[in-house]
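The next block holds one structure in the form of structure tokens; read it before the comments.
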Amino acid sequence: MHHDRSRFSLFTSVVLYAIASSAWLLGSDRLFAWMLHQPVHHGFVQLLTDLSWIGFSCLYIVWLVRRDRHRPIPIQLVVAAPTQDDPSLGESTPDVHPVSQATSQDAKLYADLQQAIQRQEFRLCYQPIVLLTNEDLVGFEALIRWRHPIDGERSPVQFMPLVETTDLTAVVDAWVLEEACRQMKWWQQHYPIARSLVVSVNLSGQQFCQPNLVTWVKSILDSTGLPAKSLKLEVTETTLMKDAQLAVELLEQLNQIGVKLSIDDFGTGYSSLSYLYRFPMDTLKIDRSFLNHIDVDGEQVELVRTILMLAWNLGLDTIAEGIETPMQLAQLKSLRCTYGQGFLFSEPLEASEMGKFLKKCQQANHL
Ligand code: C2E
Ligand code: MG
Ligand code: MG
């Protein structure tokens, strides 16, 4: 769409230029003819006409440049190059948006997000993750929240896909990681129970693949003072499989600095089993879509059982995402899934609420 508009304005500019220059030539010819009959030197008249012609052209070019400088900067969408070994990437890859396909809605959302960064409209909520056998708190997942000044709360499902495919990712991911680590460190200083807990932070695909990932994570841990063992990074299965070889290398480096790692939304991507064995992960999170009907659907039960067996064989802990009902919980317990997260236990909590929750847990544990 942007492309068409710029082609149109270029065409208009050329036509305008042609009309203006014809008019000028016609006018200057008449002027030249009239001046020839005046008692002045011919060479001087020619020079005068040439100079004004050059002046006119310069003025026009300056106007064009200034006009373009004041146009809004077009949205810069980063196009991820498809890799050969990723079956999910083809001509119709959904997460690759050439600049020319950016919709006006995307442009508006992008501008809103830029403002949100400047006005600091983001905050983090924390959703508890519990041991399924006794519902003890083992950690929580940091989830971004955005309150738009006019539209109110906007779900990350609406805005994170755009953030993750633009140059905003670096800023947003850095803020999320830093804020989550800072908050966790604060809780650890004020509530001893938090020292054995782990905060999970979602990492976007683009940020995961950046060359200085490990240095970046390490510098945030150093600046906030959070021990590496208290941080778990969640990377989606789809991101890991986009460039599985690179993922193995990055995960190994993260593993070496002591950060924990989790495969998010497992079951929604196309995992290569051989690579799954090579990823030095700690946890596998079973996507919520597998739990929808787990209490009534035998096929879903078998699917979850298979995923759990795979995880055990890989030596991974398992977290079931999106547990909403006691029936789902009972089924997951009977399948011996270790951990869970979902509205049944708690919705994502504001930081202040999470603080109170930690205080309560601490009192219950006589710490
Ligand atoms: P996710 O990482 O898989 O996060 C879990 C999502 O499931 C969260 O949605 C959470 O609120 C929701 N959820 C948890 N329990 C239940 C339940 O029992 N029922 C239902 N219906 N939903 C449940 P949320 O916060 O809307 O986030 C959606 C996705 O947006 C996340 O999925 C993640 O992919 C992305 N996201 C959220 N926060 C961040 C962030 O800080 N950074 C990045 N890169 N992505 C984020
Ligand atoms: Mg997650
Ligand atoms: Mg998930």
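The values are calculated or read from the model by the stated rules, or taken from the named source; none is laboratory data. None of these values were measured; they are calculated from a predicted model. Cβ placement follows ideal geometry from the backbone for every residue including glycine, while neighbour counts extend to all protein chains displayed. What goes into the accessible areas is simple: the full protein's heavy atoms, side chains included, and nothing from ligands, DNA or RNA. Shrake-Rupley method; radii C 1.70, N 1.55, O 1.52, S 1.80 Å.
Here is how the numbers come out for the structure above:
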item	result
Yes/no for Leu197 being modelled with pLDDT of 95 or more, in contact with a Cys (Cβ under 8 Å, 6 or more places away or on another chain) and of a type outside the set (Asp, Glu)	no
Entirely in segment 226-293, the helices (runs of 4 or more DSSP H) that have 1 or more residues that are more than 15 Å from ligand 2 (Cβ to nearest atom) and within 23 Å of the chain's Cα centre (by Cα)	237-242, 244-256
Filtered residues of segment 295-313 (kept if under 30 Å from Phe279 (Cα atoms), open to solvent by 50 Å² or more (accessible area, probe 1.4 Å) and not hydroxyl-bearing (Ser, Thr, Tyr))	Glu299, Glu302, Leu303, Arg305, Met309, Trp312, Asn313
Residue match in segment 222-235 (condition: of a type in the set (Asp, Glu), modelled with pLDDT of 95 or more and within 16 Å of ligand 3 (Cβ to nearest atom))	yes
Residue that is surrounded by the most Cβ atoms within 10 Å (Cβ to Cβ), among those in segment 261-276 that are within 24 Å of Ser230 (Cα to Cα) and without any contact (Cβ under 8 Å) to a residue 60 or more places away in the chain	Ile263
Check on Leu358, closer than 15 Å to Phe266 by Cβ, assigned by TED's automatic domain parsing to the domain that holds Val259 and part of a helix (DSSP H, G or I)	no
Any chance Glu321 is closer than 20 Å to Leu137 by Cα, more than 16 Å from ligand 2 (Cβ to nearest atom) and under 22 Å from the mean Cα position of the chain (by Cα)	no
Which numbered condition Lys285 misses (of (1) out of contact with any strand residue (DSSP E or B) (no Cβ under 6 Å at 6 or more places or on another chain); (2) open to solvent by less than 10 Å² (accessible area, probe 1.4 Å); (3) charged (D, E, K, R))	(1)
Residues that are within 16 Å of ligand 3 (Cβ to nearest atom) and either modelled with pLDDT under 95 or surrounded by 17 or more Cβ atoms within 10 Å (Cβ to Cβ) (or both), drawn from segment 347-357	Pro348
Unmet requirement for Gln183, which otherwise passes all of (1) part of a helix (DSSP H, G or I); (2) under 21 Å from Ile319 (Cβ atoms); (3) touching a Leu at 6+ places or on another chain (Cβ under 6 Å)	(3)
Condition check for Ile307: in contact with a helix residue (DSSP H, G or I) (Cβ under 8 Å, 6 or more places away or on another chain) and either within 13 Å of ligand 1 (Cβ to nearest atom) or closer than 23 Å to Arg182 by Cα (or both)	no
Residues being within 16 Å of ligand 3 (Cβ to nearest atom) and surrounded by fewer than 13 Cβ atoms within 10 Å (Cβ to Cβ) - total across segment 123-157	2
Leu316 vs. criteria closer than 21 Å to Leu233 by Cα, touching a strand residue (DSSP E or B) at 6+ places or on another chain (Cβ under 6 Å) and surrounded by fewer than 19 Cβ atoms within 10 Å (Cβ to Cβ)	no
Pair list, Cβ < 6 Å and 6+ apart or interchain, from segment 140-155 residues that are within 11 Å of ligand 1 (Cβ to nearest atom) to residues that are at pLDDT 95 or above and of a type in the set (Lys, Arg)	Arg145/Arg123; Trp146/Arg154; Glu153/Arg147
Residue in segment 172-229 that is farthest from ligand 1 (Cβ to nearest atom), counting only those that are open to solvent by 30 Å² or more (accessible area, probe 1.4 Å) and of a type in the set (A, V, I, L, M, F, W, C)	Trp186
Matching entry among Glu153, Glu135 (being part of a loop (DSSP other than H, G, I, E, B) and either at pLDDT 95 or above or of a type in the set (D, E, K, R) (or both))	Glu135
